[in-house]
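K.L.:
Pasting a structure below so you can have a look.
What follows draws every value from the coordinates through simple rules; no lab data is involved. Owing to the predicted nature of the structure, the values given are computational and were not obtained by experimental measurement. We place every Cβ from the backbone using ideal geometry, glycine too, and count neighbours over all the protein chains shown.
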Amino acid sequence: NFGNTLKVLGTTYPTDNLTNVTPAVLEKIGKNLHNQANHPLQLIFKRIESYFHKTFLKRGNPLFSSYDWLSPVVTHEQNFDSLLVPKNHISRSPSDTYYINSEYMLRAHTSAHQRDLIQSGLDAFIVVGDVYRRDAIDATHYPVFHQIEGVRLFSDFQLFNSGSDSKSVTLFENGSRDEHKQEFHTLETSKIIELDLKNSLEGLMKHLFGSEVTMRWVNAYFPFTHPSWELEIYYQDEWIEMLGCGVMEQKLVHSAGASDKAGWAFGMGLERLAMKLYSIPDIRLFWSTDTGFLGQFEGKNFNENITYKSVSKYPQCVNDISFWIPENYSSSDFYDIVRSIGGDLVEQVKLVDEFQHPKKKSFSHCYRIVYRHMEKTLTQEEVNQVHQQIESLAASQLGVEIR
Ligand code: PHE
């Protein structure tokens with residue numbers, strides 16, 4: 001539906017058989033909510049940045065530098081290979097990722113910039129930006145969200161704080177990998193980096209949620225860190241996963257030209273954090289240009305506590321759609337069509353029924369689409385129009401057979 005080329009941020013890219021970005025998603029590029037004055041995502045970013053600037057100083061100056069203007073268009077190599085993501089990893093699947101073509105894509109995480117920023121000579125930095133994933137549609141998922149990434153590297157001297165000639169402890173060894181460490185790290189290296197990482201991030205959570213916040217560390221897996229963890233906080237009667245992190249894979253640090261250093265990295269989503277911190281009930285609100293939303297954050301200092309007051313919710317309209325699916329069908333293709341036509345009128349899409357025809361063996365899917373406008377009441381007629389457009393586009397583009 002683009003022809004042979006498409007244009008993103010002023011650059012023209014040839015399209016090919018991997019292209020799966022949609023106009024609805026491309027339209028979000030360049031909005032840079034994280035840099036928009038008075039936007040809750042900007043307030044969150046500034047609050048996190050202030051923690052890193054205040055807490056970590058080098059001769060009175062901030063140790064961490066921030067990058068908030070890197071383009072979300074990256075190569076597959078930057079997003080995956082530079083981070084040692086295996087060729088067959090699920091995250092590379094076109095049903096999970098937005099591809100521009102066989103070389104370029106929309107970054108799926110801010111980790112895509114780790115290697116290049118280290119290569120440019122940085123030891124301590126944060127990156128903020130919009131990231132893109134093909135995903136479910138509900139109050140907490142949206143094809144675009146924002147992440148903050150942090151990386152810190154240490155030299156031998158910085159880590160062991162010793163000007164010692166007695167080289168009793170060293171950064172590296174040719175050892176073996178186990179649950180506590182990588183083959184090239186000594187146990188001391190791994191444990192001290194882990195301690196520094198955990199202290200830094202626990203400090204960040206206290207800075208955000210107050211010193212009384214309850215936290216727990218959960219073991220995790222990422223191709224670009226080992227060991228890896230997720231940090232969860234206990235908030236309003238539930239455990240919430242806040243971030244992923246770990247000791248950076250030495251192979252990655254080495255490929256970035258910093259072989260004499262070792263360090264940690266973390267990545268955290270901003271929307272979920274902002275939703276908890278400011279009591280924002282729906283992820284679509286971040287894209288609202290309505291003063292009823294943005295006005296509540298205007299003129300606020302990033303360290304202020306803000307509680308968003310929901311305008312009472314307008315009623316829902318629920319319509320189902322059922323169709324026979326062709327081979328190679330993926331639900332994310334359907335979700336993109338719903339996004340393209342319904343935009344932010346759609347609150348949720350749920351696969352409610354799935355069955356196989358006893359004779360023809362073909363499969364049928366039934367999706368329930370919940371429509372709700374954030375700022376007014378929708379009429380059944382308005383909803384029917386959108387719903388019918390979704391039906392006909394699904395039929396013509398995905399080859400589904402409406403029942
Ligand atoms: N990029 C990971 C994600 O999006 C998070 C992460 C960043 C994990 C850095 C480890 C280190 O889930």
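K.L.:
Return the residues of the stretch 207-243 that are charged (D, E, K, R), touching a helix residue (DSSP H, G or I) at 6+ places or on another chain (Cβ under 9 Å) and assigned to a strand (DSSP E or B); say none if nothing qualifies. It would help to see each step written out before you state the result.
P.N.:
Keep residues of the stretch 207-243 that are charged (D, E, K, R), which gives 212, 216, 230, 232, 237-238, 241.
Still in the list and also touching a helix residue (DSSP H, G or I) at 6+ places or on another chain (Cβ under 9 Å): 212, 241.
Glu241, the sole residue that qualifies.
K.L.:
I need the strands (runs of 3 or more DSSP E) fully contained in the stretch 28-144, keeping only those with at least 3 residues that are over 29 Å from Val370 (Cβ atoms). I'd like the intermediate steps shown before the answer.
P.N.:
Working: elements: 65-67, 73-75, 104-106, 124-132.
Per the criteria, 65-67, 73-75, 124-132.
K.L.:
Could you go through the stretch 193-200 and let me know if any residue there is hydroxyl-bearing (Ser, Thr, Tyr), surrounded by fewer than 18 Cβ atoms within 10 Å (Cβ to Cβ), within 16 Å of the ligand (Cβ to nearest atom) and within 21 Å of the chain's Cα centre (by Cα). Walk me through it before giving the result.
P.N.:
Going residue by residue through the stretch 193-200, those that are hydroxyl-bearing (Ser, Thr, Tyr) are 200.
From the residues that got through so far, the ones that are surrounded by fewer than 18 Cβ atoms within 10 Å (Cβ to Cβ) too are none.
Looking for residues that are hydroxyl-bearing (Ser, Thr, Tyr), surrounded by fewer than 18 Cβ atoms within 10 Å (Cβ to Cβ), within 16 Å of the ligand (Cβ to nearest atom) and within 21 Å of the chain's Cα centre (by Cα), one finds none in the stretch 193-200, hence no.
K.L.:
Also, quick follow-up: Does Thr186 count as more than 16 Å from the ligand (Cβ to nearest atom) and in contact with a strand residue (DSSP E or B) (Cβ under 8 Å, 6 or more places away or on another chain)?
P.N.:
Details: more than 16 Å from the ligand (Cβ to nearest atom): yes; in contact with a strand residue (DSSP E or B) (Cβ under 8 Å, 6 or more places away or on another chain): yes.
So Thr186 fits the description; yes.
K.L.:
Just the residues that are among the aliphatic types (A, V, I, L, M) and within 15 Å of the ligand (Cβ to nearest atom), please, taken from the stretch 241-270. Let's see the steps before the verdict.
P.N.:
Taking the stretch 241-270 as the starting set, the residues that turn out to be among the aliphatic types (A, V, I, L, M) are 242-243, 247-248, 252-253, 256, 258, 262, 265, 268, 270.
Hits for the stretch 241-270 are Met242, Leu243, Val247, Met248, Leu252, Val253, Ala256, Ala262, Ala265, Met268, Leu270.
K.L.:
Something else now. Only one of Leu63, Leu9, Leu57 is touching a residue at least 12 places away in the same chain (Cβ under 8 Å), of a type in the set (A, V, I, L, M) and at negative phi. Can you tell me which? Please lay out each step first, then the result.
P.N.:
Details: Leu9 fails: at negative phi; Leu57 fails: touching a residue at least 12 places away in the same chain (Cβ under 8 Å).
Testing whether each residue is touching a residue at least 12 places away in the same chain (Cβ under 8 Å), of a type in the set (A, V, I, L, M) and at negative phi leaves just Leu63.
K.L.:
Mind checking which residues of the stretch 82-95 are within 17 Å of Gln119 (Cβ to Cβ) and either in contact with a Phe, Trp or Tyr (Cβ under 7 Å, 6 or more places away or on another chain) or exposed (fewer than 15 other Cβ atoms within 10 Å of the Cβ) (or both)?
P.N.:
So in the stretch 82-95, the residues within 17 Å of Gln119 (Cβ to Cβ) come out as 82-84.
Passing the criteria: Leu83, Leu84.
K.L.:
Give the stretch 292-350 a look and list any residue that's closer than 20 Å to Asp138 by Cβ, acidic (Asp, Glu) and surrounded by fewer than 14 Cβ atoms within 10 Å (Cβ to Cβ), or say none.
P.N.:
Scanning the stretch 292-350 gives a single hit, Asp320.
K.L.:
Would you check if His146 is within 13 Å of the ligand (Cβ to nearest atom) and under 17 Å from Leu83 (Cβ atoms)?
P.N.:
Numbers: within 13 Å of the ligand (Cβ to nearest atom): yes; under 17 Å from Leu83 (Cβ atoms): no.
No.
K.L.:
Among the candidates Leu122, Leu153, single out the residue that is within 20 Å of Pro62 (Cα to Cα), within 16 Å of the ligand (Cβ to nearest atom) and buried (at least 22 other Cβ atoms within 10 Å of the Cβ). Give the derivation first.
P.N.:
Details: Leu122 fails: buried (at least 22 other Cβ atoms within 10 Å of the Cβ).
After ruling out the rest, the residue left standing is Leu153.
K.L.:
Hey, any hits in the stretch 352-368 for a residue that's assigned to a loop (DSSP other than H, G, I, E, B) and either touching a Ser or Thr at 6+ places or on another chain (Cβ under 8 Å) or in contact (Cβ under 8 Å) with a residue 40 or more places away in the chain (or both)?
P.N.:
So the first thing to find is which residues in the stretch 352-368 are assigned to a loop (DSSP other than H, G, I, E, B), and the list is 357-362.
Imposing the further condition that a residue be either touching a Ser or Thr at 6+ places or on another chain (Cβ under 8 Å) or in contact (Cβ under 8 Å) with a residue 40 or more places away in the chain (or both) reduces the set to 357.
Scanning the stretch 352-368 turns up at least one residue that is assigned to a loop (DSSP other than H, G, I, E, B) and either touching a Ser or Thr at 6+ places or on another chain (Cβ under 8 Å) or in contact (Cβ under 8 Å) with a residue 40 or more places away in the chain (or both).
K.L.:
Kindly evaluate Leu273 against the criterion of being within 16 Å of the ligand (Cβ to nearest atom) and either under 23 Å from Asn38 (Cα atoms) or exposed (fewer than 14 other Cβ atoms within 10 Å of the Cβ) (or both). Break it down stepwise before answering.
P.N.:
Numbers: within 16 Å of the ligand (Cβ to nearest atom): yes; either under 23 Å from Asn38 (Cα atoms) or exposed (fewer than 14 other Cβ atoms within 10 Å of the Cβ) (or both): yes.
Against the criterion (within 16 Å of the ligand (Cβ to nearest atom) and either under 23 Å from Asn38 (Cα atoms) or exposed (fewer than 14 other Cβ atoms within 10 Å of the Cβ) (or both)), Leu273 qualifies.
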